[in-house]
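One structure is given here, and the rest of the page talks about it.
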Amino acid sequence: MAALKMSSVLSRSLCSASRSALFPKGRTPLAVRAVANYGTAAAVEDPIKPSVSIDHTKLLINGKFVDSASGKTFPTLDPRTGEVITHVAEGDREDINRAVVAARKAFDEGPWPKMTAYERSLTLLRFADLLEKNAEKLAKLETWDNGKPYEQALNVEVPMCVRLIRYYAGWADKIHGLTVQADGPHHVQTLHEPIGVCGQIIPWNFPLLMFVWKVGPALATGNTIVLKTAEQTPLSANLAAKLLLDAGLPDGVLNVISGYGPTAGAALASHMDVDKLAFTGSTETGKIVLGLAAQSNLKPVTLELGGKSPFIVMDDADIDQAVELAHFALFFNQGQCCCAGSRTFVHEKVYDEFVAKATARALKRTVGDPFKAGIEQGPQIDTEQFNKVLSYIKSGNESGATLETGGNRIGSKGYFVEPTVFSNVLDDMLIAKDEIFGPVQSVLKFKDLDEVIRRSNATHYGLAAGVFTKNIHTANTLVRALRAGTVWVNCFDVFDAAIPFGGYKMSGIGREKGIYSLYNYLQVKAVVEPLHNPAWL
């Protein structure tokens, strides 16, 4: 499995709400009762204890793992049970200050930006090798802390991390400026220089992947970093940071702070000695981050934010393939994916067939302990997200959508939610407008191409879109009409290291991955020198 190309792997094709609240009278289908029975059986299983040690729970500052200045810690929880895995150091403003001082010294005085680009590339290549060597440990920590299926973490996400670091290692010595032709006797060149100390804030849904998406391009371009992990998922990033030190990264180049957004995150975003900020998370928090950056030293900010991506199924589509791809586009990673195909638009001619088959596919989805082989769906990340998902399911019922299957909690502990499918969803319903970030598929009906383009674009978001059709002309029309940063045609969630990723509108600013991400971490300097008696101009 690990030998498969990663992009093809990904592109294969409030407490528990009461049943009376979730199902109008007389509308509890037999299929849903089957799911509830399965969920009850799954809940009595004892969770598998992963065979992995947790070696790093402190803050990484200036090459050493240290306690927070306050001495405080906070718990990180197992989403399968809600129980404490371990306690990690709680960083706040003073710790951010210490980390920024270390990063500034490493940038201004240390060897990292001054060493040759080839030497930096070798460090990144050694890091990639260590990620590969420690794949099982990284994947176990990721699953334990986040709840995603272990097979997904091990066979898909860790290899993607390795590939991305090797990709940016290849870029390190290929970054250069231009010679510019001037109108007069001047020699003009542009220099691409590292921007300096970079603040980076990563989310909880893909902790390890987002770690490498951020540090890869920043390190390849010669910068230093202060990175804040999500308070829900600090463990895998700490191990990855230790592997970077083992690969030869100089002290102070990478500093990692675990802590909360309003304290550590806000301190980093507003710090006057941070030269650049990168944030991945919700649109609401992104607005706060952008405001703090503007109110401090006007540091440039890249944002990768929320989405409500349309997945469009035309009437000529192979329905079986479309159902499977739409299922993957929504339910992957427990639905906790910013680019999830969470508005499934289906042509009226094939709508009923699609809904029936999408419901059947959801009923087959295996939910349970993510360390168990064959499990497709683990728990949601925490109580807050779990309750949020259930509240949106309740809203869908109250607004008149048809609940085809799912809608309930599974078991009595942990944060498991039944795979849920709504049909007869209208554009003004909250489940069609808001980013749910959970295993809730909303299926909407449309009549023609112009209508689906208009409705797809009628959102504040613009992160991604999916198109499923056999007609190349229809595909090309949609590709150009949809206001989204990525449009997948007859595939979804293809995340090659070279493919840029980011959004239109309120889905973000800038791009991650590929060559475009390098530009986030570089300053362009124009150098102009006079020429005396030049032989040519």
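The values are calculated or read from the model by the stated rules, or taken from the named source; none is laboratory data. These numbers were taken from a predicted model, which means no experiment stands behind them. Quick reminder, even Gly has a Cβ in these numbers, built from the backbone with ideal geometry, and neighbours come from all protein chains shown. All accessible areas refer to the heavy atoms of the entire protein, side chains included, with ligands and DNA or RNA removed. Shrake-Rupley method; radii C 1.70, N 1.55, O 1.52, S 1.80 Å.
Quick notes on this structure:
- Where a residue in the stretch 162-185 is outside any helix (DSSP H, G or I) and its partner, wherever it lies, is modelled with pLDDT under 95 and open to solvent by 60 Å² or more (accessible area, probe 1.4 Å), with Cβ under 7 Å and at least six apart: PRO185/LEU537
- Within the stretch 395-414, residues that are under 16 Å from GLN334 (Cβ atoms) sit with their Cβ atoms under 9 Å from residues that are modelled with pLDDT under 95 and basic (Lys, Arg), at 6+ positions apart or across chains, in these pairs: GLY407/ARG19; ASN408/ARG19.
- If you go through the stretch 392-426 and keep only what is modelled with pLDDT of 95 or more, in contact with a Ser or Thr (Cβ under 9 Å, 6 or more places away or on another chain) and assigned to a loop (DSSP other than H, G, I, E, B), you end up with ALA401, GLY406, GLY407, ASN408, GLY414, TYR415, GLU418, PRO419, ASN424, VAL425, LEU426.
- Conditions (1) in contact with a strand residue (DSSP E or B) (Cβ under 6 Å, 6 or more places away or on another chain); (2) assigned to a loop (DSSP other than H, G, I, E, B); (3) over 25 Å from ASP78 (Cα atoms); number of the one not met by PRO379: (3)
- Comparison of LEU122, LEU164, LEU154 shows that the only residue that is closer than 25 Å to GLU512 by Cβ, open to solvent by less than 30 Å² (accessible area, probe 1.4 Å) and at pLDDT 95 or above is LEU164.
- Of all residues in the stretch 229-279 being open to solvent by less than 10 Å² (accessible area, probe 1.4 Å) and polar (S, T, N, Q), the one that is farthest from SER53 (Cα to Cα): ASN255
- Enumeration of residues in the stretch 245-268 that are within 27 Å of ALA128 (Cα to Cα), out of contact with any strand residue (DSSP E or B) (no Cβ under 6 Å at 6 or more places or on another chain) and either of a type in the set (D, E, K, R) or not in a loop (DSSP other than H, G, I, E, B) (or both): LEU245, ASP246, ASP251
- Residue that is nearest to the chain's Cα centre (by Cα) [pool: residues in the stretch 338-361 that are buried (at least 21 other Cβ atoms within 10 Å of the Cβ), in a loop (DSSP other than H, G, I, E, B) and not polar (S, T, N, Q)]: CYS338
- When residues of the stretch 443-473 are limited to those that are assigned to a helix (DSSP H, G or I) and of a type in the set (Lys, Arg), the one surrounded by the fewest Cβ atoms within 10 Å (Cβ to Cβ): ARG454
- Only a single criterion out of (1) crowded, with 17+ Cβ neighbours inside 10 Å; (2) under 23 Å from the mean Cα position of the chain (by Cα); (3) under 26 Å from VAL350 (Cα atoms) is not satisfied by LEU430, namely (1).
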